[in-house]
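First the structure, in the form of structure tokens, and then the observations on it.
The values are calculated or read from the model by the stated rules, or taken from the named source; none is laboratory data. Everything numeric in this text was worked out from a predicted model, so none of it was measured. Cβ: placed from backbone, ideal geometry, glycine included. Neighbour counts: every protein chain shown.
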Amino acid sequence: MKITELTKELVVPNDLSKISKKHYNVYANPHGGQRTSTHRMVLFYAVECALKSCMLKRYPSSTIVSKIESLLHKDHKITKILSTMKLPNWQNYSSPPDMIISGDSGNKRSLNDAHACWRYGLAIESNSERQITEWLETVYRFLEKGNHI
């Protein structure tokens, strides 16, 4: 059984909601009080799981189209999931900031690149990292406030 088939069968909205809350708790309450890139990566996963939980609640599996299914099971593309879902009042919030990887000649990168940097231990310019982290926190709070998770 492929991993995507396994996740389709085993992951349900309530599970993703609980997982999202656990991830966020790990991020929000770091052991020792210091947040690291690992904590920020876990925040990314908290937001991703929250969005996927919300998507599964809004689009029961019998009505999920292939585009949504792809977003649910293969990608880490938070911005695509947000735009696909068209959540009420989300348009009042900004798009994720671009980020700059330290030592990368100032090239602007996407949110997914931040996720990869955290996963593989690459340094992100501190102001970019702060802005991306704040944006992810905003998305999580928006979903939590709207009872989407």
Residues of the range 114-149 that turn out to be closer than 20 Å to residue 50 by Cα and either touching a Ser or Thr at 6+ places or on another chain (Cβ under 6 Å) or among the hydroxyl-bearing types (Ser, Thr, Tyr) (or both), as a count:
5
Any hit, the range 98-107, residues being of a type in the set (A, V, I, L, M), more than 29 Å from residue 127 (Cβ to Cβ) and either assigned to a loop (DSSP other than H, G, I, E, B) or modelled with pLDDT of 75 or more (or both)
no
Sort through 53, 37 and tell me the only one that's more than 19 Å from residue 149 (Cα to Cα), surrounded by 15 or more Cβ atoms within 10 Å (Cβ to Cβ) and either touching a strand residue (DSSP E or B) at 6+ places or on another chain (Cβ under 8 Å) or modelled with pLDDT of 80 or more (or both).
37
Any chance residue 147 is surrounded by 15 or more Cβ atoms within 10 Å (Cβ to Cβ) and free of Cβ contacts under 8 Å to residues at least 40 places away in the same chain
no
Of everything in the range 114-136 that's of a type in the set (Val, Ile, Thr) and under 16 Å from the mean Cα position of the chain (by Cα), which residue is surrounded by the most Cβ atoms within 10 Å (Cβ to Cβ)?
132
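The rows are residues; the columns are (1) modelled with pLDDT of 80 or more; (2) assigned to a helix (DSSP H, G or I); (3) among the hydrophobic types (A, V, I, L, M, F, W, C).
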| site | (1), (2), (3) |
| --- | --- |
| 15 | yes, yes, no |
| 57 | no, yes, no |
| 75 | no, no, no |
| 91 | no, yes, no |
Members of the range 17-34 that are part of a loop (DSSP other than H, G, I, E, B) and in contact with a Ser or Thr (Cβ under 8 Å, 6 or more places away or on another chain):
30
Condition test on residue 70, is it at pLDDT below 75 and either surrounded by 12 or more Cβ atoms within 10 Å (Cβ to Cβ) or not basic (Lys, Arg) (or both)?
yes
